[in-house]
Amino acid sequence: MAYSYLFGPVPSRRLGLSLGVDVVPAKVCNLNCVYCECGKTTTLTVERREWAPASSIIAELADFLKGAPFLDVVTVTGSGEPTLNTGIEAIISFLKTSFPAVRTALLTNGTLFHLEDVRRTAAMFDCVLPSLDAVSDGVFSKVNRPARGLDNGRIIDGLVRFAHEYRGTLWLEVFIVPGVNDTPGELSLLRDAVLAIAPGRVQLNTLDRPGASSSVRPASDRRLLEIAEYFRPAPVEIISRSYTPVAASLNDKNLEAEVLSILRRRPCTVEDVAVASSRSINEAAALLKLLEQRKAVSSETVGNRFFYKVPQAAKA
């Protein structure tokens, strides 16, 4: 079967091996972000309708998944904003009914969570990955260039409400555009919004491939680290492809002892360890990987969450 709406599976930095499901044509979106890797928005709209037929997408998913392929997640996304497609409720309902063991994710710009039906549909996914790049109206207009009718205050209120209702994995992406949304005033507003949303993880990103506007430049590693530090106590991860993780903590025996002390008392996720040790998720993950290689810690999956613990033999 030739697929018109499925792509991959492709390796995803955030989700593992992902089967993409493209539910809107290029480039239907309610934002025209300056950094978008899909290029400029050609249909800037807030209209919600069945932009791509759910029945055709479901037929492709049924054909692909019947062979039980190896993958980590099915990701509903788009060449624009997937929640503009009213058919995603039928798509996720099909996946949950016919392939309940398959992990699902929704990759969205997060602009429509003020709508009850969007929140209800999004809540059916195992993992939801919205974005938030600005709080003030001026910066929102410069970075995201929204369609008429979008109100950023209402957008953020919708994200907060969804985060408090949702029981799955919520990771919030913040894309840094140097000189625009990384000023002290805007970062302060973003930090307040991030803490109000309280996602399981904040993922900092910056330009690492051509965007919609040639004026956008990437933030440096140093600047991303400064912003990550500023956003604490939120658990922050830097996901830019160009970022080189800091490995100094791997030789920090005090940090190692502190983390092991935490894990002897109770199992923790990498987010828990990052917050408790006041380190980035990148550093916490690197240390946990090293400790696991040494067999000082072990790991297991419970539901959709990955926990680390000190084995019983090591506690003695």
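The values are calculated or read from the model by the stated rules, or taken from the named source; none is laboratory data. In this text, all values refer to a predicted model and were calculated from it rather than measured experimentally. Cβ sites come from the backbone with ideal geometry, for glycine too, and all protein chains shown count toward neighbours.
So that you can scan it fast, the table gives a plain yes or no per residue for (1) modelled with pLDDT of 95 or more; (2) under 12 Å from L132 (Cα atoms); (3) in contact with a Phe, Trp or Tyr (Cβ under 9 Å, 6 or more places away or on another chain); (4) not in a loop (DSSP other than H, G, I, E, B):
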{"site": "L189", "(1), (2), (3), (4)": "yes, yes, no, yes"}
{"site": "V202", "(1), (2), (3), (4)": "no, yes, yes, yes"}
{"site": "S213", "(1), (2), (3), (4)": "no, no, yes, no"}
{"site": "R222", "(1), (2), (3), (4)": "no, no, no, yes"}
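The test for being under 21 Å from G149 (Cβ atoms) and over 19 Å from the mean Cα position of the chain (by Cα) does not hold for T121.
Among the residues of the stretch 142-159, those that are without any contact (Cβ under 8 Å) to a residue 60 or more places away in the chain and either closer than 26 Å to S240 by Cβ or of a type in the set (F, W, Y) (or both) comprise N152, I155, I156, L159. Test S242 against the stated conditions and say whether it is in contact with a Pro (Cβ under 8 Å, 6 or more places away or on another chain) and either at pLDDT 90 or above or not aliphatic (A, V, I, L, M) (or both). Yes; evaluated as a whole, the condition is true for this residue.
The set of residues from the stretch 29-53 being under 18 Å from V76 (Cα atoms) and surrounded by fewer than 19 Cβ atoms within 10 Å (Cβ to Cβ) comprises E37, C38, R48, R49, E50, P53.
Residues that are at pLDDT 90 or above, touching a strand residue (DSSP E or B) at 6+ places or on another chain (Cβ under 9 Å) and closer than 24 Å to V139 by Cα occur at least once in the stretch 84-99. Within the stretch 180-197, does at least one residue satisfy the condition of being exposed (fewer than 15 other Cβ atoms within 10 Å of the Cβ) and within 15 Å of F113 (Cβ to Cβ)? So far as the stretch 180-197 goes, yes, one or more of its residues are exposed (fewer than 15 other Cβ atoms within 10 Å of the Cβ) and within 15 Å of F113 (Cβ to Cβ).
With respect to V160, is the statement that it is β-branched (V, I, T), on the phi < 0 side of the Ramachandran plot and modelled with pLDDT of 95 or more true? Don't jump to the end; show me each part of the working.
Values: β-branched (V, I, T): yes; on the phi < 0 side of the Ramachandran plot: yes; modelled with pLDDT of 95 or more: yes.
So V160 passes the test.
For the stretch 254-285, the tally of residues that are under 14 Å from F306 (Cα atoms) and not in a helix (DSSP H, G or I) stands at 4.
Pairing each residue of the stretch 130-141 that is loosely packed, with under 15 Cβ neighbours inside 10 Å with any residue that is modelled with pLDDT under 95, provided the two are 6+ apart or on different chains, yields no C-beta distance under 6 Å. Here G78 passes the criteria (1) within 28 Å of S240 (Cα to Cα); (2) in contact with a Leu (Cβ under 7 Å, 6 or more places away or on another chain) except the one numbered (2). Of the residues screened, D182 is one that is assigned to a loop (DSSP other than H, G, I, E, B), free of Cβ contacts under 8 Å to residues at least 60 places away in the same chain and over 19 Å from T104 (Cα atoms). So which residues in the stretch 21-41 are at pLDDT 90 or above and touching a Phe, Trp or Tyr at 6+ places or on another chain (Cβ under 9 Å), if there are any at all? Result: V21, D22, V23, V24, V28, C33. Please verify whether F162 is assigned to a helix (DSSP H, G or I) and in contact with a Lys or Arg (Cβ under 6 Å, 6 or more places away or on another chain), treating the condition exactly as stated. So F162 fits the description; yes.
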